[in-house]
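Input: a single structure, listed below in structure tokens.
The values are calculated or read from the model by the stated rules, or taken from the named source; none is laboratory data. Model, not experiment: these values are computed from the prediction. Methodologically, a virtual Cβ is constructed for each residue, glycine included, from the backbone with ideal geometry; neighbour enumeration extends over all protein chains shown.
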Amino acid sequence: MIIKAKNIVLSDQMIEDGAIMIKGDKIEKIYKKGDHIQANEEVKDYGQATISPGFVDTHIHGFSGCDIMDKSSQSVKVICKDILSIGVTSFLPTTLTASVDDLNEVVKIVGNCRDSYGAKIQGIFLEGPFFTDKYKGAQNNEYFSKPSIEKLKKWQELSGNLIKKIAIAPELEGAEDFIREARKIGVYVGLGHSDATFEEAKRSVDAGANIFVHTYNGMSGLHHRNPGMVGAALTLEDVFAEMICDGHHVHPAAANVVVKARGCDSVMLVSDCMMAGGMPPGQYKLGDFNVTMDGKTARLEAGNLAGSVLSMKEAVKNVISWGIASPLEAIHMATLVPAKSVGIDDVCGVIDEGRIADLVILDDKYEIIDVYLDGKRL
């Protein structure tokens with residue numbers, strides 16, 4: 001089968017009036033404008049649309065009324081299946097701070113669901129429990145603890161070696177040793193829910209941490225005498241900055257500061273979506289907390305933001321409409337960049353010959369027309 005469109009997003013450019021030949025589950029050939037296309041192939045012409053890699057969401061807690069922390073294989077399977085509708089074809093199911101017993105159970109369940117139909121589980125993101133109180137957000141501080149490589153190794157074992165990313169607060173005792181050991185077992189380390197100084201954050205990055213978790217949110221801000229976590233996220237080299245670009249977590253102008261400081265190639269869009277994503281307004285849960293979702297935001301009873309109901313396609317639309325990224329840059333921020341941040345860009349986030357055909361077709365308003373998973377149109 002051959003699919004054609006006005007634009008095709010590659011890892012280094014956007015080509016116009018090209019086409020993609022899909023054979024089985026893979027991309028067999030990419031045609032550029034003017035190339036001869038085999039006449040005996042079925043052709044689907046998407047006109048003025050854009051062919052993008054499937055979105056890669058490396059920070060997502062739930063969707064469709066289900067949460068990764070439900071301790072339910074059915075919940076994981078629903079999330080895998082339903083996030084295809086919003087263009088996500090690869091993701092990291094994301095946990096919350098909880099008891100060791102609960103986390104043991106959750107990572108085991110997710111590991112057992114790794115081959116479920118739908119968006120592909122490319123690893124697990126442990127958001128907690130190694131955080132501090134001041135910027136706890138919607139994390140339950142009852143279960144906060146010091147970084148423990150023994151706990152991480154146990155979770156890695158229980159998950160079937162699926163832990164891909166963990167977030168910690170850099171100011172915690174033993175953080176740097178933990179980061180070095182985590183990297184040795186193939187786990188990428190993010191920094192977040194933290195009141196760390198710039199210097200503490202830098203030491204953690206020097207030890208191997210490479211991601212700032214939902215930049216601006218849940219971290220010490222930028223002050224001219226104490227640049228804090230935000231200052232580190234803006235200026236340190238060889239790191240990636242997550243952003244929740246829903247217009248509620250981060251002001252568009254503040255998002256632009258990150259993009260101008262870092263460049264789009266190290267800023268990644270994440271949804272941080274919780275179970276109310278894809279659902280009507282109402283009452284929901286995020287871990288142990290009651291959350292009210294009004295159709296735009298999800299908030300704790302005290303009014304604090306509690307995750308989001310953002311989709312990756314909306315994040316892409318937002319950064320384009322805010323004027324802070326070109327269409328090519330915005331799509332990279334939702335595909336290639338998050339994949340690179342956790343070393344999975346060899347299996348997702350890229351359109352290239354020989355790669356699996358996980359694709360999203362977007363119209364000129366960046367709404368989803370079609371999704372392809374393993375070469376099959378859904």
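Here are a few things to note about the model shown:
- Any hit, segment 111-121, residues being part of a loop (DSSP other than H, G, I, E, B), at pLDDT below 95 and assigned by TED's automatic domain parsing to the domain that holds Lys285: no
- Yes/no for Phe178 being of a type outside the set (Ser, Thr, Tyr) and closer than 22 Å to Lys260 by Cβ: no
- Filtered residues of segment 30-52 (kept if within 28 Å of the chain's Cα centre (by Cα) and closer than 19 Å to Ile356 by Cα): Ile30, Thr50, Ile51, Ser52
- Ile356 vs. criteria within 19 Å of Ala119 (Cβ to Cβ), more than 18 Å from the chain's Cα centre (by Cα) and of a type in the set (A, V, I, L, M, F, W, C): yes
- Only one of the numbered conditions (1) buried (at least 20 other Cβ atoms within 10 Å of the Cβ); (2) in a strand (DSSP E or B) is violated by Met229, and that is (2).
- Under the condition of being over 20 Å from Glu127 (Cβ atoms) and either basic (Lys, Arg) or over 16 Å from the mean Cα position of the chain (by Cα) (or both), the residues counted in segment 259-280 number 8.
- Here Ile109 does not fit the description of being within 19 Å of Gly278 (Cβ to Cβ) and either without any contact (Cβ under 8 Å) to a residue 12 or more places away in the chain or among the aliphatic types (A, V, I, L, M) (or both).
- One residue stands out in segment 265-299 among those that are among the polar types (S, T, N, Q) and in contact with a helix residue (DSSP H, G or I) (Cβ under 9 Å, 6 or more places away or on another chain): the one that is surrounded by the fewest Cβ atoms within 10 Å (Cβ to Cβ), namely Ser266.
- The single condition among (1) outside the structural domain of Tyr216 (by TED's automatic domain parsing); (2) assigned to a loop (DSSP other than H, G, I, E, B) that Ala276 does not satisfy is (1).
- Enumeration of residues in segment 282-292 that are more than 21 Å from the chain's Cα centre (by Cα) and either under 21 Å from Lys317 (Cβ atoms) or hydrophobic (A, V, I, L, M, F, W, C) (or both): Phe289, Val291
- Sole exception among (1) touching a strand residue (DSSP E or B) at 6+ places or on another chain (Cβ under 6 Å); (2) surrounded by 19 or more Cβ atoms within 10 Å (Cβ to Cβ) for Ser145, by number: (2)
- Condition met for Gly247 (more than 14 Å from His61 (Cβ to Cβ) and assigned to a loop (DSSP other than H, G, I, E, B)): yes
- Selection within segment 149-205 - under 21 Å from Leu234 (Cα atoms) and of a type in the set (Val, Ile, Thr): Ile166, Ile168, Ile179, Val189, Thr197, Val205
- Selection status of Ile60, at pLDDT below 95, touching a Phe, Trp or Tyr at 6+ places or on another chain (Cβ under 9 Å) and of a type in the set (A, V, I, L, M): no
- Scanning segment 321-337 for residues that are surrounded by 23 or more Cβ atoms within 10 Å (Cβ to Cβ) and either on the phi > 0 side of the Ramachandran plot or outside the structural domain of Ile244 (by TED's automatic domain parsing) (or both) turns up nothing.
- Helices (runs of 4 or more DSSP H) within segment 285-376 that include 1 or more residues farther than 27 Å from Glu28 by Cβ, touching a residue at least 60 places away in the same chain (Cβ under 8 Å) and in contact with a Leu (Cβ under 8 Å, 6 or more places away or on another chain): 312-321, 327-333
Conditions tested, residue by residue: (1) surrounded by fewer than 23 Cβ atoms within 10 Å (Cβ to Cβ); (2) part of a strand (DSSP E or B); (3) among the polar types (S, T, N, Q).
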{"site": "Gln139", "(1), (2), (3)": "no, no, yes"}
{"site": "Leu152", "(1), (2), (3)": "yes, no, no"}
{"site": "Asn161", "(1), (2), (3)": "yes, no, yes"}
{"site": "Asp177", "(1), (2), (3)": "yes, no, no"}
